[in-house]
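Below is one structure, written out as structure tokens; comments come after it.
The numbers here are math on the coordinates, done by the rules we state, and not lab data. Small disclaimer: the values here were computed from a predicted structure and weren't measured. As a convention, Cβ positions derive from the backbone with ideal geometry for all residues, glycine included, and neighbour counts pool all protein chains shown.
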Amino acid sequence: MEKVDVIIVGGGLAGLSCAYELADSGMTVIVLERGDFSGSKNVTGGRIYLSPLRNLLPDLWKEAPLERHVTKEILTLMGETNSTTFELYSEQFNQEPYPSYTILRAKFDRWFADLISEKGVFIIPQKKVDDIVKEGEKVIGIKAGDEEIGADCVVAADGILSFMAEKAGLRQPFKPQHFALGFKEVIQLDPETIEDRFRLGDGEGAAQLFVGTLTKGMMGGGFLYTNRESLSFGIVVGLQSLNRREPREEVYKLLDDFKERPEIKHLIRGGNTTEYSAHLITEGGIHIKPKVYGDGILILGDAAGLGLNMLVTVRGMEYAMASGVLAGWAIKKAKEKNDFSASSLAEYDKLLNDSFIIKEMTAFKNSLSILENQRLFSKYPQAISDLFENVMRVNKHPKKRLYETISQGLKENFLNLQTVRDWLQFRKI
Amino acid sequence: MKITEKLALDAFKNDKETHIQLDQKICHNCKERFCVYACPANLYALNEKGEMVVEYAGCLECGTCQIACIYGSVKWRYPRSGFGVQYRFG
């Protein structure tokens, strides 16, 4: 069996970041990617937060093909026939180094892979890995078709469905409550139209999230990100609430119904849909984090369940990239000792635990239980929009005092035991 | 826009063999049809014989079906190297 130092399974953000970190180490590193090129099987909502990554990957961002830096955070609460929008603009978001960017993965990952190839890492596309090769409990290589390749260390960066982690016995069985489905359209629009509609300067971007009736009571929400020349427009729904939903309705229809809402219709008007994509998102948080190392193997990014739904922000790509860099550090250290046993590779777990990734995932360990509260996705967005509408509306009856309108709205929907309980629950996150 | 029109926008390289296997015995006893409602590409449907079938060629490779199907009927693997959906934007 031919042998290299490190085999990285999966050329997405986690695997590529690990390869990037190892590129100048003198080790022989190969990345096996099942798609035609890195990024061709990857999907994001998407926006990436660079602030947590700038120390770990300081030189990467200047030339990176990112879309727009996000200067505007928009949150829309959707009722049946109304909606309320909060819009945040901050000078901080518009000062270099910019904290976050919208991103299209087929573009970014492909560029990143090319950059790493130039540094001498072998990135082999169209190479699906079928199995790991073990000697006793120790992982000693991989199998792709008839071919076996040996390595001191196998890095499983093969995404949320990680078959590598499964084969290594390091992954828990999948449960619907730990996953959400995201699906989206990429809608082409010219840059000036995007900037006019969202009131943005040149190169600036907006990130809009929607919560409420669009998911018809299910856990989840909508998103709209402005790319340079397109919008990424989609919906996320939890698989458990999707399975339990009554009456039954095919999930893909949610997006078509959402598109018909005037709040959306006029934003995407004249745009041409050019791609439809879907991907799973991890929702299990720290509770389903597997053991991320074994004899001769490390697990990174989505494959290790590193992702977080923080209610208003969804995290994953920064975790993938940071875990790749940390794995690279651990591998270099293991190489110095020439020891790739589990106890040596445990260094990676230690680095993860000390990083922002596990600190955030621990801080938000209760977010899943909050997200299971259906009222967040139906009652409250509706009630807030109704209350605001009553404040604003003038009809044929003489208008009541504002205080009366507001206290009536609060009494009807908020000043009750259930809302107090929900609020107390909310203290956990 | 119909879902089939959306899928027609995507680039696919279709294999001759499917990467999604269903256990007809399990499907036969299933009342809920989780797969039908959870697949974002609407690829699952009953055929004229009343069997569940999946149109694997339009698969977006999200893997939702194998997790949504809590009865374990869906054996889902990545398509062979060089096949399946090829995202141009992602």
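Do the conditions hold for residue A:251, that is, is it of a type in the set (A, V, I, L, M, F, W, C), more than 9 Å from chain B (Cβ to nearest Cβ) and under 22 Å from residue B:34 (Cα atoms)? The answer is no for residue A:251.
Assess whether residue B:50 counts as being of a type outside the set (S, T, N, Q), surrounded by fewer than 20 Cβ atoms within 10 Å (Cβ to Cβ), out of contact with any Phe, Trp or Tyr (no Cβ under 6 Å at 6 or more places or on another chain) and more than 19 Å from residue A:245 (Cβ to Cβ). Considered against the rule, which asks whether it is of a type outside the set (S, T, N, Q), surrounded by fewer than 20 Cβ atoms within 10 Å (Cβ to Cβ), out of contact with any Phe, Trp or Tyr (no Cβ under 6 Å at 6 or more places or on another chain) and more than 19 Å from residue A:245 (Cβ to Cβ), residue B:50 comes out as yes.
Can you tell me how many residues within the range B:1-40 are assigned to a loop (DSSP other than H, G, I, E, B) and of a type in the set (Lys, Arg)? Lay out the reasoning, then the answer.
Taking the range B:1-40 and keeping what is assigned to a loop (DSSP other than H, G, I, E, B), we get B:1-2, B:10, B:14-19, B:23, B:29-33, B:39-40.
In the following step, the residues that additionally are of a type in the set (Lys, Arg) were identified as B:2, B:16, B:31, B:33.
Residues flagged as assigned to a loop (DSSP other than H, G, I, E, B) and of a type in the set (Lys, Arg) within the range B:1-40 amount to 4.
Take the conditions (1) in a helix (DSSP H, G or I); (2) among the aliphatic types (A, V, I, L, M); (3) touching a residue at least 40 places away in the same chain (Cβ under 8 Å); (4) away from chain B (no Cβ under 14 Å); residue A:330 misses just one of them, which is (3).
Quick grid of which residues meet (1) farther than 30 Å from residue A:349 by Cβ; (2) touching a Gly at 6+ places or on another chain (Cβ under 6 Å):
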position: A:230; (1), (2): yes, no
position: A:239; (1), (2): no, no
position: A:253; (1), (2): yes, no
position: A:279; (1), (2): no, yes
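Mind listing whichever residues of the range B:51-90 are more than 9 Å from chain A (Cβ to nearest Cβ), part of a helix (DSSP H, G or I) and more than 26 Å from residue A:231 (Cβ to Cβ)? Passing the criteria: B:56, B:57, B:65. The one condition from (1) among the β-branched types (Val, Ile, Thr); (2) touching a strand residue (DSSP E or B) at 6+ places or on another chain (Cβ under 6 Å); (3) more than 13 Å from every other protein chain (Cβ to nearest Cβ); (4) under 25 Å from residue A:72 (Cα atoms) that residue A:264 does not meet is (2).
Please list, ordered by residue number, the helices (runs of 4 or more DSSP H) wholly in the range A:372-429 having 2 or more residues that are hydrophobic (A, V, I, L, M, F, W, C) and touching a strand residue (DSSP E or B) at 6+ places or on another chain (Cβ under 7 Å).
On the way: elements: A:379-392, A:402-413, A:417-426.
Filter on the range A:372-429 gives A:379-392.
If the condition is being of a type in the set (Gly, Ala, Ser) and surrounded by fewer than 17 Cβ atoms within 10 Å (Cβ to Cβ), then the range B:8-47 contributes B:8, B:11, B:45. Restricted to the range A:150-245, the set of helices (runs of 4 or more DSSP H) holding at least 2 residues that are under 26 Å from residue A:384 (Cβ atoms) and either without any contact (Cβ under 8 Å) to a residue 40 or more places away in the chain or among the polar types (S, T, N, Q) (or both) comprises A:239-244.
For the range B:29-50, a residue qualifies if it is among the small types (Gly, Ala, Ser) and facing chain A (nearest Cβ under 8 Å), and the qualifying residues are B:38, B:41.
Going by the conditions given, is residue A:192 within 14 Å of chain B (Cβ to nearest Cβ) and farther than 21 Å from residue A:282 by Cα? Quick ask: steps written out before the conclusion?
Values: within 14 Å of chain B (Cβ to nearest Cβ): no; farther than 21 Å from residue A:282 by Cα: yes.
Answer is no for this residue.
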